[in-house]
Amino acid sequence: MSVTPETEKPARGGRLRYALALLPLVVFVAVAIIFFRQLESGKNISEIPSALIGTKAPTLALPGLEGATVPALTDAAIRGKLTLVNVFASWCVPCRQEHPLLKELARDPRITLVGINYKDRSENALRFLGELGNPYAAIGVDPNGKAAIDWGVYGIPETYLVAPDGTILYKRVGPFDAQGIETGLMPAIEKALAAK
């Protein structure tokens with residue numbers, strides 16, 4: 001039977017403490033590498049994949065925005081048209097930022113732009129549209145967020161491109177910017193039009 005000298009026991013304990021002290025640093029470096037690789041990948045985080053892409057859009061049967069001069073948002077309002085469905089609210093700061101771009105998109109004769117007013121008060125939504133202009137051909141009110149859940153909304157603004165047959169083709173999470181329109185939305189529109 002061999003006996004371990006007492007001087008070796010503290011050395012082993014010191015190595016264990018040293019290894020445990022380095023563990024947080026190793027974990028931090030590993031997480032930093034993962035985040036750096038994600039940033040360097042060039043992926044646009046606002047284009048989150050959606051389980052709904054390639055499937056039929058949820059049914060639209062939303063009441064209209066009381067006081068608005070456009071109709072309610074129903075399936076009939078978008079049937080047979082290449083449609084952008086934009087989820088917005090007056091209290092949403094990024095919605096305000098993207099609004100001028102939506103007004104430009106509404107002028108494109110190839111698409112119809114409609115809106116889902118999410119968890120908003122009618123008077124606030126009307127004030128928002130009165131101040132910034134109304135780019136929507138139809139607006140549906142979603143006061144409790146049920147329609148947004150059906151559409152898989154993460155947070156607003158969100159926009160969906162829906163084919164004339166009702167298939168969801170594209171999803172944008174967050175506000176549009178010029179680059180997002182040029183590199184994400186326009187290619188999706190052109191692809192949809194080419195498929196006709």
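The values are calculated or read from the model by the stated rules, or taken from the named source; none is laboratory data. Computed from a predicted structure; not experimentally measured. Glycine also receives a Cβ, built like all others from the backbone with ideal geometry; neighbour counts cover every protein chain displayed.
A single member of Leu62, Leu52 is within 22 Å of the chain's Cα centre (by Cα), at pLDDT below 95 and either surrounded by 14 or more Cβ atoms within 10 Å (Cβ to Cβ) or in the same structural domain as Asp177 (by TED's automatic domain parsing) (or both), and it is Leu52. Summed over segment 146-165, the residues that are modelled with pLDDT of 95 or more and at positive phi give a count of 0.
Among the residues of segment 67-99, those that are without any contact (Cβ under 8 Å) to a residue 60 or more places away in the chain and surrounded by fewer than 19 Cβ atoms within 10 Å (Cβ to Cβ) comprise Gly67, Ala76, Trp91, Val93, Arg96.
In segment 135-152, how many residues are polar (S, T, N, Q) and in contact with a Gly (Cβ under 8 Å, 6 or more places away or on another chain)? Explain how you work it out, then say what you get.
First, pick out the residues of segment 135-152 that are polar (S, T, N, Q): 144.
Those still in the list that are in contact with a Gly (Cβ under 8 Å, 6 or more places away or on another chain) too: none.
Residues that pass the stated criteria total 0.
Applying a threshold of 7 Å to beta carbon distances and a minimum spacing of six or more residues, or different chains, the list of pairs starting in segment 100-121 at a residue that is assigned to a loop (DSSP other than H, G, I, E, B) and surrounded by 18 or more Cβ atoms within 10 Å (Cβ to Cβ) and ending at one that is at pLDDT 95 or above and not aliphatic (A, V, I, L, M) reads Ile111/Thr83; Asp120/Ser90; Asp120/Trp91.
Can you confirm whether Ala77 is out of contact with any His (no Cβ under 7 Å at 6 or more places or on another chain), small (Gly, Ala, Ser) and at pLDDT 95 or above? In short, no.
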